[in-house]
Each structure stands twice: as C-alpha cells, then as structure tokens.
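Input: a single structure, listed below in structure tokens.
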Amino acid sequence: MTDAVPVYLTSPSRVRRVPLDRPWTWLAAGWRDLTQSPGISLLFGSLLVVLSALLTIGLLLTGLVYLLLPLAAGFFFVAPLLAVCLYEVSRRHETGGSISVGEALFAWRRNGTQILWMGMILMLLHLAWVRVATLLFALFFHDTAPPLERLVELTLFSPMSLPFLAIGTITGAVLAAIAFGIGVVSIPMLLDRDVSVFTAIATSWRVASENVRPMALWAALIVVFTSFGIATFYLGLAIVVPLIGYASWHAYRDLVEP
C-alpha cells in the first residue's frame with residue numbers, strides 16, 4: 001500500500017511513497033511499451049547510438065579523448081531531456097492512441113518553454129561536470145589533454161590515480177544526485193501537465209526525498225543498464241534507452257498522483 005504527501009502545503013499536488021521493489025514494475029511496464037512500438041523505439045535508440053559513435057570519433061580526432069568518460073557519465077544528466085519523445089509514446093499508449101515519429105519528435109511543444117528551461121538547467125549541470133573533469137585532469141596531471149597512448153596509464157596506474165578517481169567520483173556523484181533528484185519526474189510532468197519548471201522540480205525533489213530507497217535502486221538500475229549499453233560499443237543503447245525512457249514515464253505516473 002502506498003502513501004501520498006503534498007508537494008506544497010497549499011498545493012493539491014501529491015507524491016506517493018512506494019515500496020523498494022517498485023522500479024522493477026516500471027521496467028516491466030517500459031518493456032511492454034517497447035514491444036508495442038518496436039519500430040519507433042529502435043529508431044530513437046539507434047539515433048542515439050549513431051550520435052554517440054560520432055561524438056566518440058570526434059573526440060578521438062581532436063585529441064580530446066580524455067573527455068569521453070566525463071561525457072559518458074554526463075549522459076545521466078541530460079537523458080531525461082533526450083527521452084521526451086519516448087515519454088510521449090508511453091502517454092499515447094495509456095490513451096489507446098497511435099503515434100507517428102513526427103508527433104513524438106515534437107511532443108516537447110506541449111509545454112515547450114518550461115521543458116526548455118528544464119533542459120537548460122540539466123545542461124548547465126552537465127557542463128559543470130565536464131568543466132570539473134577538465135580541471136581535475138589539469139590539477140593532478142598538469143595537462144588538460146593527456147595523449148591517448150598515456151590516458152589509461154595516467155588515470156589508473158600513476159601515483160595520482162587514487163586521489164584523482166576518488167575526488168572525481170565524489171564530485172560526479174554529488175552532481176548526478178542533484179540532477180537525478182530534480183529530474184526524475186520533472187520532464188514527464190512538464191510534458192503531461194501545464195505546470196511551471198519550479199513546480200516540476202519541487203515535485204521531483206519531493207518524490208526523491210520521500211522514496212530514498214526505491215529511488216536509489218532506480219538510479220542504480222539506470223546506471224547498470226546504461227553502462228551495459230555503452231560497454232557494447234553503444235549498440236545496447238538502442239534497446240536500453242527506450243526501455244529506461246518508457247519506464248521513467250511509468251515511474252512518474254506511479255509516484256505523482258493525477
């Protein structure tokens with residue numbers, strides 16, 4: 001049985017408390033959406049695979065390959081924004097309607113200004129993380145652009161590797177936790193309702209604070225699934241991204257009362 005608490009004392013918006021294992025239910029619902037719309041799901045997933053591959057090639061050609069790991073980690077900052085079209089697919093499934101690729105692509109226009117503001121906030125967090133990663137390289141290795149042939153040696157086997165990885169991991173985890181807390185249901189909510197970005201962020205943060213253990217499990221599952229997708233030379237993202245996107249919509253529906 002779930003409980004509900006108000007976001008604001010004077011607001012009718014309420015968030016639910018859910019049991020620890022509820023993220024598995026969201027994944028199951030997301031898988032159903034994926035199998036109902038395999039074509040559009042694989043299309044958006046494949047586009048992300050292509051973009052990821054092009055970004056990697058660009059970093060290799062420009063000698064900035066050391067930014068690959070921070071950018072891959074930063075994917076978690078902007079993923080909710082990239083998944084707007086997937087949220088719309090799940091929303092249409094709920095009403096029993098069909099959806100075209102064009103309708104999914106332009107779903108953000110339902111609440112475009114507020115979604116744009118939310119996207120800017122997440123992008124600023126992403127850019128802050130990339131900047132921190134660059135500064136850490138400069139601080140520990142006295143070189144903002146370590147050569148490719150020495151990248152693994154410097155980051156994993158040098159005397160500065162342990163403090164570098166420790167500080168980088170802690171900093172990234174703090175920024176990621178903030179991004180997750182304000183974004184876990186905010187963009188689905190902005191797509192679904194005519195609310196402001198401030199209301200959506202407050203609701204999302206309340207969801208996270210009222211469901212610490214389920215949200216920790218959900219965040220861990222997102223990291224594991226996405227890491228698998230990246231480890232398969234991005235190919236696994238073609239399935240993982242739609243699955244997580246659809247599941248995130250069902251998480252929003254489950255956590256925020258209508």
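Regarding region 127-258, what whole-number volume in Å³ per residue does the convex hull of its Cα atoms give?
On the way: hull volume 17.3 nm³, N = 132.
Taking the convex hull of the Cα positions in region 127-258, it is 131 Å³ per residue.
Report, in deg cm²/dmol and to the nearest 500, the calculated mean residue ellipticity at 222 nm for the chain, where each DSSP H run with n ≥ 4 adds -39500 (n - 2.57) and the sum is divided by the residue count.
Details: 12 runs with 195 residues, N = 258.
Calculated from helices alone, the mean residue ellipticity at 222 nm is -25000 deg cm²/dmol.
Using r as the Cβ-Cβ distance of Val50 and Leu127, and R0 as 30 Å, what FRET efficiency do you calculate, to the nearest 0.05? Don't jump to the answer; show the numbers that get you there.
Numbers: r = 23 Å, r/R0 = 0.76.
About 0.85, to the nearest 0.05.
Over region 68-209, what is the mean sequence separation of C-alpha contacts under 8 Å (at least six apart), divided by residue count, expressed as relative contact order in percent?
Details: 119 pairs, mean separation 43.3, N = 142.
Relative contact order for region 68-209 comes out at 30 percent.
Quick one: compute the contact order of region 1-140, relative version, from alpha carbon pairs under 8 angstrom and 6+ residues apart, as a percent. Numbers along the way, then the final one.
Details: 70 pairs, mean separation 27.1, N = 140.
Over region 1-140, the number comes to 19 percent.
If one takes the longest principal axis of the Cα atoms in the chain, at what angle in degrees, from 0 to 90 and to the nearest 10, does the Cα axis of helix 38-62 lie?
20 degrees
As an exercise, find the ratio Rg/Rh for the chain from alpha-carbon atoms, using the Kirkwood inverse-distance average for Rh. Working shown, then result.
Numbers: Rg = 19.1 Å, Rh = 19.2 Å.
Computed over Cα atoms, the ratio is 0.99.
Determine the order of Glu210, Glu88, Glu94 by accessible area, beginning with the largest, at a probe radius of 1.4 Å. Display every interim value, and only then the final one.
Values: Glu210 45, Glu88 5, Glu94 85 Å².
Highest to lowest solvent-accessible surface, that is Glu94, Glu210, Glu88.
Return one number: the angle in degrees, 0 to 90 and rounded to the nearest 10, between the long axis of the Cα atoms of helix 112-141 and the longest principal axis of the Cα atoms of the chain.
20 degrees
Take the Cα coordinates of region 70-124, assign each an equal point scatterer, and use the Debye formula without solvent to give log10 I(q)/I(0) at q = 0.19, 0.25, 0.26, 0.27 Å⁻¹.
Computed log10 I(q)/I(0) values: -0.71, -0.97, -1.01, -1.04.
Report Rg/Rh for region 29-74, rounded to two decimals, where Rg is the Cα radius of gyration and Rh the Kirkwood radius. Can you show the working numbers first?
Working: Rg = 14.6 Å, Rh = 12.2 Å.
Using Cα coordinates only, the ratio equals 1.19.
Give me the angle, in degrees from 0 to 90, between the Cα long axis of helix 161-183 and the longest principal axis of the Cα atoms of the chain, rounded to the nearest 10.
20 degrees
Could you list, bin by bin from short to long, the percent of Cα-Cα pairs of region 12-135 in 10 Å steps?
Calculated P(r), rounded to whole percents: 11, 30, 36, 19, 4, 0.
Using alpha carbon centroids, what distance separates region 62-89 and region 13-31, in Å?
24 Å
The values are calculated or read from the model by the stated rules, or taken from the named source; none is laboratory data. Keep in mind the model is a prediction, meaning the values are calculated, not measured. Glycine gets a Cβ as well: all are built from the backbone with ideal geometry, and neighbour counts include every protein chain shown. The protein model used for the area step is the full one, side chains on, heavy atoms only, and it has no ligands, DNA or RNA in it. Shrake-Rupley method; radii C 1.70, N 1.55, O 1.52, S 1.80 Å.
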